[in-house]
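The values are calculated or read from the model by the stated rules, or taken from the named source; none is laboratory data. All figures in this text were calculated on a predicted structure; none of them were measured in a lab. Counting neighbours? That spans all protein chains shown, and the Cβs are built from the backbone with ideal geometry, glycine included. Heavy atoms of the whole protein, side chains included, go into the accessibility calculation; ligands, DNA and RNA do not. Shrake-Rupley method; radii C 1.70, N 1.55, O 1.52, S 1.80 Å.
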Amino acid sequence: MRTSDSSGNFVPDLEILTRLANQFFSAVPGAAPVGVTPDFSAKTGHSPSGVTNISQPQSSLPDPHGLISEERVPTVADHLPHSEAGSGTSPSASPQNAALPYSPNGAWAGVLPQHAKAPGAIALPFEAELREVLSSLRLPAQPIIPAVPSAVSPQYYFIEHTRGLPAGSQNPGASGYLRGGHPSQQNLGAGVPTPALDIELIRRDFPVLQERVNGRQLVWLDNAATTQKPYSVIERLAYFYEHENSNIHRAAHELAARATDAYEGARNKVRCFLNAASVNEIVFVRGATEAINLVAQSWGGRNIGEGDEVIISWLEHHANIVPWHRLCAEKGARLRVIPVDDDGQILIDEYAKLLGPRTKLVAFSRVSNALGTITPAKQIIEMAHGAGAKVLVDGAQSVSHMRVDVQQLNADFFVFSGHKVFGPTGIGVLYGKEALLNDMPPWQSGGNMIKDVTFEHIEYHQAPARFEAGTGNIADAVGLGAALDYVCKIGIDAIDQYEHQLLQYATRLLKSIPGLRLIGTAADKASVMSFVLDGFKTEDVGAALNKEGIAVRSGHHCAQPILRRFGVEGSVRPSLAFYNNCADIDKLVAAIERVNSGRHIPH
């Protein structure tokens, strides 16, 4: 039950202790035999990390995200016979008397220090042995499980700690994830405003953040590659397969109606999230890459000809380079590239020089996946339209960080991937202006996208169905809808503000490390911090960080042209989401400093 910390001290393994404690408490009178853990997952909704979810009454733990059933959640007290629930109480004892095995602060008396044990509490089997084991552990100077305010104190503090209950979590009250007047739990450093979000409460919604990697708590800083999923998304997917799974649109049975409603409901959630004018402008695809290829092959195949020009920028992901390169090669068109300055910012004056009567399309990223640069999207779009060109915006890296209003942007196409915005993989969105979509030929052919088929004639649906051939990714579209619900509940503007503050904090610390060079230092950036470290290969830095449980991306990030613009073939890329905090940044910086000093180099 003990492991060694970085200093060689023995510390308790909390996961093993939790599992043993759950088995220990299952031996209370009237409960399951020792070694058999009661399963309350059907009542409580989930059992993360393999730990039995013995939840507390609703009145003591806030549940702003609806994970707890409306009926009362069972506790260990429910498994005690009334005749034994206290000192000499009868079966007719009051509920208050039935709770006597608990100490006054709501914790189980059997694991508290002896002086804190409630009068009349039941002595559990092997209690003395458990105390001896706990007392023999060599604890670090600071307690592993800090005190939690009584307003949210769990009945079993160690179980809730394993599930991620943070020290100092605030009762969100009516404000949910917003802090309101509560003091901040995040020290963002001097001169940085207090964030509006209760980040520690939010972190509890993401079960993977409780994972341990190489014996360390996971620090997920690979959000530009993919974001983690909250319970609400995971459970929505499970609910779909448990209660709604069917193909959609044409069947007369109940499950088909449920699945169709869920799928089309998700389409409307995307419409609202993007502020599109109609659900007919929302096409479900596998991801941003497929969406770009759809536009290139369908719209581009019809509208790009020999001598025409397509403009992209140096900042682009390969997914917004390769489809246009192929199209231009096939059609005899020309691919032109907007340059960037030494900070990674679009050179607008140079862009203006590229625009001309042969320009048919401008395709660019709203946020660079390699540098984090936020491009002047509105200005780029207006200039393109002034030249008579259409515009596609790659929003894969922007949707989880900032508000999107496609009507205000006035882009002709906007694409993003669900997994970059806390949704499932394998689902994405193409937004296109309705008239433009209806004028485009179908890209793939098959079922769902046709009105009528004979051997002599085929009539296609209008958008979006004309671009959704075959059985779509129904469940993951529904999961994407749940992810967008979650983001909207938090508030995208609050997310934007918090992440900006966290980026400032992280940038200041990273710049202080000798030999570390940030790649991409635009004044207007989202939460990406690419860097190289003198004397170290990027893959070695990434491996060293992984040994400490810190997940970052190392390599070219499918953006080789922009990295080569800065004289490198790859970089180490930590990237942020709103569930990250300053502690994550502190661990990252400390680990990089250890690598830099030669104390932690992978073999």
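Structure notes:
- Residues satisfying the stated conditions in the range 339-352, i.e. assigned to a helix (DSSP H, G or I) and among the β-branched types (Val, Ile, Thr): Ile348
- Whichever residue in the range 580-599 is under 22 Å from Glu499 (Cβ atoms), part of a helix (DSSP H, G or I) and not small (Gly, Ala, Ser) and, among such residues, is most open to solvent (accessible area, probe 1.4 Å): Lys587
- When residues in the range 396-429 are screened for being over 16 Å from the mean Cα position of the chain (by Cα) and either open to solvent by 30 Å² or more (accessible area, probe 1.4 Å) or at pLDDT below 95 (or both), 5 of them pass.
- Within the range 365-395, the set of residues being in a loop (DSSP other than H, G, I, E, B), of a type in the set (Gly, Ala, Ser) and open to solvent by less than 10 Å² (accessible area, probe 1.4 Å) comprises Ser368, Ala370, Gly372, Ala389, Gly395.
- Test: residue in the range 513-520 that is within 23 Å of the chain's Cα centre (by Cα) and either of a type in the set (Gly, Ala, Ser) or buried (at least 20 other Cβ atoms within 10 Å of the Cβ) (or both): no
Here is a yes/no grid of residues against (1) touching a Pro at 6+ places or on another chain (Cβ under 7 Å); (2) in a strand (DSSP E or B); (3) surrounded by fewer than 23 Cβ atoms within 10 Å (Cβ to Cβ); (4) small (Gly, Ala, Ser):
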{"site": "Ala543", "(1), (2), (3), (4)": "yes, no, yes, yes"}
{"site": "His557", "(1), (2), (3), (4)": "no, no, no, no"}
{"site": "Pro561", "(1), (2), (3), (4)": "no, no, yes, no"}
{"site": "Val568", "(1), (2), (3), (4)": "no, no, yes, no"}
{"site": "Phe578", "(1), (2), (3), (4)": "no, no, no, no"}
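- Strands (runs of 3 or more DSSP E) wholly inside the range 226-338 containing at least 3 residues that are open to solvent by 10 Å² or more (accessible area, probe 1.4 Å) and under 30 Å from Ala352 (Cα atoms): 334-338
- Test: Gln497 is open to solvent by 10 Å² or more (accessible area, probe 1.4 Å), in contact (Cβ under 8 Å) with a residue 60 or more places away in the chain, among the polar types (S, T, N, Q) and in contact with a His (Cβ under 9 Å, 6 or more places away or on another chain): no
- Of everything in the range 527-541 that is outside any loop (DSSP other than H, G, I, E, B) and not hydrophobic (A, V, I, L, M, F, W, C), the residue that is most open to solvent (accessible area, probe 1.4 Å) is Glu539.
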